[in-house]
Amino acid sequence: MSGILSGIKVLDFGRYIAGPYCATLLGDMGAEVIRVEKREGSEDRFVQPFRPGAGAGEGGEGTMFLQLNRNKRGMTLDPMSEEGRKVVRAMVAKADVVVANLPPQTLKAMGLDYETLSAINPGIILTTVSAFGHGGPYSNRVGFDGVAQAMCGAAHLTGHADEPMKSYAPWVDFGTASLAAFGTMAALFERQKTGKGQVVEGALLATALNFFNFHLIEQSLRQTNREGIGNRSPYAGPVDIFKAKDGWIMVQCIGQPLFKRWAKLMGEDHWLTDPRFKDDLARGDNGEVLSERMGKWCAERTVAAALDELDAARIPAGPVYTPQQALDDPHIKAMGYLHPMGFPGIDGEAPLMETPVRLSGSPGEIRHRAPLLGEHTADILSEYGYSDEDIRSLRAQNII
C-alpha cells in the first residue's frame, strides 16, 4: 500500500525520541526515511538494550530504537568532515525534509542550518527540535523530557507536596515529535502552493507548556498555588487510584451526571445534598472524603467485580496494569495495537505500537524493522550517484 506521503524523501539526523519519532510518523504515512547515524552508532541506538554489553546487531540495540526507527533505512556518515558534508549536500538536493533535533551550532557545523539547506534546495523543509526553543535566554541550554516536565509545573503537581514526581512515560518527547510531524505535514501542504520550504521548530518546553496550559491559566487568574495531591484530582471527585482485594483501579468521576451515578452506586443520596460536594471544584477541594468512601467500596471487591459494577453504572474506570498485564490485555490484543516484529540478535518478537491514529482510507503502517547500523549505506549512496569505488574510498577515509 502506498501511503499519503509516498514520494516524500526525509533525511533523519535525529537523536533519542523527539526527532526520530517525528520522522517515524512521516515514515508510517509512506515517506521514504533515511536515518543518518554516526559511524559508531548514535547514542539512542543503545538505550535500554535487549542484551546489555552486546554490540550492534547482536542484541545490543535498545527497545527505544526499535520503536522509533521502524520504516527507515539506515546509513552511517561523518557529516563533520568535508567529504561527509559533500554527501549531505548531494542528499539534500533530492530531499523534501530534513529532521534534526540538534543545537544550532551543530546544525551549522554539519551544514544542516536552513540557510545552507535552502541554498542547495529552496523547497527543503527543516524540522528542528530543541529543549527550549530559539530566542530566549535558555536557547543554548540542553534538556530532556524530564526537565520540561519539571519546568512547566507538571512534576510539582504530579507528586506530593513534599516530593515532586515526573511521569515515567516521556510524554513531552512524544508530544513534541507528534507536533513536529504535524508541522512538517502542514509545511509540505504549504509548499504545494508556494514551492518554497521553511523551518518547522518544535521545543520540549513549548510542548510541556501546551499540555499543561489550563493549569497555568488557573494559576494566573486565580492564584490557587496548588500543591501535589498524588492521584486525586483538585478539580473533581472521586478521582483517585484505589486498592481492591487483588489489585488497583483508577476511577474518574468528573461532572455532575457522573457524580449522581456514583452516589447511586454507593446507595447514598446524602452526597448529592452535602454542600461540600455541590460541584466539581468543591468535590476536588474535599476529595479526601470521597476517596475514603470509594476506597472502602473498592476494598470489598476484586478488581474484576469493581470494574463490572462501575461499567454498569457508566463510570469511567480501569485497572492499574503492570507492563506485562498491558501486553496481555484482551482489548489491546483485539485492537491489534501492538505489531510483533523480529530484529537480528534478539529472541522473539518486539511488540511495536502501530501508528497511534488510524485513517480509514489511507492508514499508516509498519512495513519493516529498524535498520542495523549502516545496513543500507552502500545502497543509499549508490542511489545518489556514488560508484562502488567512491564508496570504498569513503569507507577507507572513515567517512562512512
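Structure above, values below:
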read-out	value
Number of the exception - Thr322 against (1) surrounded by fewer than 17 Cβ atoms within 10 Å (Cβ to Cβ); (2) closer than 26 Å to Leu338 by Cβ; (3) touching a residue at least 40 places away in the same chain (Cβ under 8 Å); (4) not hydrophobic (A, V, I, L, M, F, W, C)	(3)
Answer from Gly361, Gly348, Gly342, Gly318 - the residue that is of a type outside the set (Phe, Trp, Tyr) and under 23 Å from Ala304 (Cα atoms)	Gly318
All positions within the stretch 192-208 that are crowded, with 18+ Cβ neighbours inside 10 Å, assigned to a helix (DSSP H, G or I) and not hydroxyl-bearing (Ser, Thr, Tyr)	Leu204, Leu205, Ala206, Ala208
Residue, surrounded by the most Cβ atoms within 10 Å (Cβ to Cβ), within the stretch 19-63, restricted to residues that are hydrophobic (A, V, I, L, M, F, W, C) and at pLDDT below 95	Ala56
Answer residue from the stretch 327-346, given it is within 25 Å of Gly60 (Cα to Cα) and without any contact (Cβ under 8 Å) to a residue 24 or more places away in the chain and is surrounded by the fewest Cβ atoms within 10 Å (Cβ to Cβ) among those	Pro340
Any hit, the stretch 49-66, residues being of a type in the set (Gly, Ala, Ser), under 22 Å from the mean Cα position of the chain (by Cα) and closer than 19 Å to His368 by Cβ	yes
Exclusive hit being surrounded by 13 or more Cβ atoms within 10 Å (Cβ to Cβ) and either over 30 Å from Thr76 (Cα atoms) or assigned by TED's automatic domain parsing to the domain that holds Ala177 (or both), set Ala350, Ala299	Ala350
Options Arg301, Arg369, Arg392, Arg314; residue that is over 31 Å from the mean Cα position of the chain (by Cα), part of a loop (DSSP other than H, G, I, E, B) and modelled with pLDDT of 95 or more	Arg301
Qualifying residue in the stretch 143-150 (condition: over 21 Å from the mean Cα position of the chain (by Cα), modelled with pLDDT under 95 and more than 21 Å from Thr184 (Cβ to Cβ))	no
Answer from Thr106, Thr116 - the residue that is of a type in the set (Ser, Thr, Tyr), under 28 Å from Ile391 (Cα atoms), assigned by TED's automatic domain parsing to the domain that holds Val200 and surrounded by fewer than 17 Cβ atoms within 10 Å (Cβ to Cβ)	Thr106
Meets criteria (over 23 Å from the mean Cα position of the chain (by Cα), in a loop (DSSP other than H, G, I, E, B) and closer than 25 Å to Gly55 by Cα) for Ile380	no
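The values are calculated or read from the model by the stated rules, or taken from the named source; none is laboratory data. As the structure is a computational prediction, the values presented were derived from the model and not from experiment. Don't worry about glycine lacking a Cβ; one is built from the backbone with ideal geometry, like all the others, and counts go over all protein chains shown.
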